[in-house]
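J.: So that we are looking at the same thing, I have put the structure below in structure tokens.
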Amino acid sequence: DEDKAEIAEVARELGRLGLRIVATHGTATYLKENGVPADPINRVTQGSPHTVDLIEGGGVSLVIVTTRLADATAVRDSASMRRAALEHGVAYFTTVSGARAATAAIRAGSLDPVALQDIHPGGFAQGLPGRTT
């Protein structure tokens, strides 16, 4: 819930880029109230069809799921979504900053992953201020 306002901006941009937005009921309602078209889907704990069903069925190309440890139900749902995404090769992001970066990459048309060691061949620590190896 704490991230909904920031995620709404990410979802709005992803929608502009042609992605269909699917969200759990509470988030979908929030997004719609803020001008972002979103289709609702059940949380895992609410029964099928739910988020993991959609991921496992190949109907998802990107997962954004942020949770706080204080919400045990959200943490369980989040874990099952992340696991399904990992097992089915779906990119997932667990922070608002990660979701923003992914959105920027999609907008730029640059989705090829780059290893840090390719950017800093001598070792990543050498590129950090005050660090030598």
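The values are calculated or read from the model by the stated rules, or taken from the named source; none is laboratory data. The model shown is predicted, which means the values in this text are computed figures rather than measured ones. Cβ placement follows ideal geometry from the backbone for every residue including glycine, while neighbour counts extend to all protein chains displayed. For the accessible areas, the whole protein counts, side chains as well, though only heavy atoms, and no ligand, DNA or RNA atoms are used. Shrake-Rupley method; radii C 1.70, N 1.55, O 1.52, S 1.80 Å.
J.: If a residue has to be open to solvent by less than 70 Å² (accessible area, probe 1.4 Å), under 17 Å from Thr67 (Cβ atoms) and aliphatic (A, V, I, L, M) to count, how many in the range 80-111 make the cut?
T.: Result for the range 80-111: 5.
J.: Within 26 Å of Glu87 (Cβ to Cβ), free of Cβ contacts under 8 Å to residues at least 24 places away in the same chain and surrounded by 18 or more Cβ atoms within 10 Å (Cβ to Cβ): does that describe His25?
T.: no
J.: Another question, then. So, in the range 60-73, of the ones that are of a type outside the set (S, T, N, Q) and in contact (Cβ under 8 Å) with a residue 24 or more places away in the chain, which residue ends up farthest from Gly15 (Cα to Cα)?
T.: Selected residue: Arg68.
J.: Of all residues in the range 28-72, count the ones that are of a type in the set (Val, Ile, Thr), assigned to a helix (DSSP H, G or I) and closer than 24 Å to Gly89 by Cα.
T.: 5
J.: Residues that are surrounded by fewer than 19 Cβ atoms within 10 Å (Cβ to Cβ), of a type in the set (Val, Ile, Thr) and without any contact (Cβ under 8 Å) to a residue 12 or more places away in the chain: does the range 42-56 have at least one?
T.: no
J.: Go through Asp39, Asp1, Asp71, Asp77 for me and flag whichever is crowded, with 17+ Cβ neighbours inside 10 Å and of a type in the set (Asp, Glu).
T.: When all the criteria are applied, what remains is Asp77.
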